[in-house]
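Notes follow once the structure below has been shown.
The values are calculated or read from the model by the stated rules, or taken from the named source; none is laboratory data. Since this is a predicted model, take the numbers as computed values, not measurements. Cβ coordinates were reconstructed from backbone atoms using ideal geometry, including for glycine residues, and neighbour counts include every protein chain displayed. For the accessible areas, the whole protein counts, side chains as well, though only heavy atoms, and no ligand, DNA or RNA atoms are used. Shrake-Rupley method; radii C 1.70, N 1.55, O 1.52, S 1.80 Å.
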Amino acid sequence: MQVTVSSAKGVGAENEDGVFVGPGAVVVLDGLSAPKDLPMACSHGTPWYVRQLGARLVALMGDEEQPLAEALRTAIRDVNSMHSSTCALDQEAVPASTVAMLRERQGVIDYLVLSDSVLVLDAAGTVQAVADTSVEAVAGPEMAAALAGPAGTPERAARVSELVAVQRGLRNRPGGYWVAATNPAAADHAITGSVPAADVRRAALLSDGASRLTDLFHQLSWEELLDVLEADGPAELISRTRAAEGSDPDGTRWARFKVSDDATVAFVQLDTHRHTQDPPSRPDRFGEGE
């Protein structure tokens, strides 16, 4: 499994995304931003949480007998133990992150998606996106209301803060939506699956700041997005995303919470697929001028 990655900060002070690669494993995390007027119950902050969770996930994914959901459950518990004595982890205002995971083991590709990061799989001749849209299902009207009007205004910022307060009340509870935060039960609500590695040509794990060229701006299909990654690499996809964002600086064409969001990409090519799909060598054709 060959992995190439790129990550770039958006409009915030820090990049709250993270990408983590280990032997046969890759993880992309997108930390949930907190408006400055909504205090956090954790002194460490979202980038710290993303770093700790990602490092623990990659380590746990090395145990091929452990399902990815169980690795996520254990990682959440482990990170909780790192700051439970200093932070109020029973509060709603704690660091949280979306999760996308992919692992190659014993001829199988396992994947997990929690919240709105995206996994794109090119497998068995079909390109499909795996995404968890539960937050839109439970908070769609509030999200639409928060996006009304141009970006960058005090009015928009106030509505976004109101939305985050609503979302915190819906997060990680029955009838709401689930992210990686302090409740290990979030792992039970992730989308998981496995496919034969020989069927997989390529895959991409994307934070929503990197998937928007397809799912928000509609400038590329998922297959075309993979083509860009294969031909030019993850940094080029982010560059094209920044160009599209720059053409709509006030968010009137494409309504979005951040004019320029943190963007992270991990592009995966499978050795097993290449070995089984490449045509055999043809020494009898050598010297024919082809």
Legend entry - Inter-residue pairs, beta-carbon under 6 Å, first outside any strand (DSSP E or B) and in the stretch 118-147, second among the hydroxyl-bearing types (S, T, Y) and surrounded by 13 or more Cβ atoms within 10 Å (Cβ to Cβ), 6+ apart: D132/S115; S134/Y177; V135/Y177; V138/Y177
Legend entry - Test: residue in the stretch 82-97 that is small (G, A, S), within 17 Å of R51 (Cα to Cα) and open to solvent by 10 Å² or more (accessible area, probe 1.4 Å): yes
Legend entry - Positions within the stretch 122-174 being open to solvent by less than 40 Å² (accessible area, probe 1.4 Å) and charged (D, E, K, R), in sequence order: D122, D132, R156, R168, R171
Legend entry - Residue that is farthest from D262 (Cα to Cα) [pool: residues in the stretch 202-219 that are over 13 Å from the mean Cα position of the chain (by Cα) and surrounded by 19 or more Cβ atoms within 10 Å (Cβ to Cβ)]: R202
